[in-house]
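FYI, it's all coordinate maths here, none of it is from the lab. Every value quoted in this text rests on a predicted model; they were computed, and no experiment measured them. Cβ placement follows ideal geometry from the backbone for every residue including glycine, while neighbour counts extend to all protein chains displayed.
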């Protein structure tokens, strides 16, 4: 990408003075080549102007846009791509984790390794992809779970970077290699005699303008979803 040159910012006024700019526009030096979408857009407007890099700190957006000579940089592009990105994500209907283990009807034992894992569905783990359009602008958004925080109900939490590993009987009493827990006390005295276990997934959503202007505009944000199950934990039963 060409180096950045002179800059300008755009933003609104808040109570007691000006607020931090929503977006900062920096003229690119040198200008992009003639086949750049923003340059081509400028030619359609008469070719009197320049391509600027636009950065929006509040949303992480970065891209390029054509601004005609003599015009002030807008607070936001005419069609806000992030609005389209959020519309695309809404259509995905992202859900909380589909907990495979522990099972709500299962019975677990103090001190015995509990393997934690989830089923990986498009709407419960991703990746999920959707597009949204307005005018000649199309935004493509992709969402995927990047971590799951397990709140075990006994005062502890476990954070796992992936979906967890399904347990197999051949593993015996081994701990999960990537996502597990051992309860140190029973669930006796808890509501329903079960620990309330909540799995909270962090969805990372990345989006980009896939058609229209500002070409190359992109950004990222995170959202969370959760699911809760009850876990019954008892003592080891010893037979005489």
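What to note about this one:
- Likely footprinting exposure, 158, 118, fewest C-beta neighbours within 10 Å first: 158, 118
- Where labels lie 7 Å past Cα in the beta-carbon direction, separation of residue 149 and residue 193 in nm: 3.2 nm
- Gain upon complete extension [residue 91, residue 236; 0.36 nm per residue less C-alpha separation]: 47.5 nm
- Computed from label points 7 Å out along Cα-Cβ, the spacing between residue 107 and residue 220 is 4.7 nm.
- Shape class of the stretch 81-234 from the Cα gyration tensor (axes a ≥ b ≥ c, square roots of the eigenvalues): prolate, since a/c reaches 1.5 or more and a/b is larger than b/c.
- Distance (nanometres) between label positions extended 7 Å along Cα→Cβ at residue 156 and residue 123: 3.4 nm
- Per-residue extension of 0.36 nm, minus the Cα-Cα distance of residue 182 and residue 136, leaves a gain of 11.1 nm for this segment.
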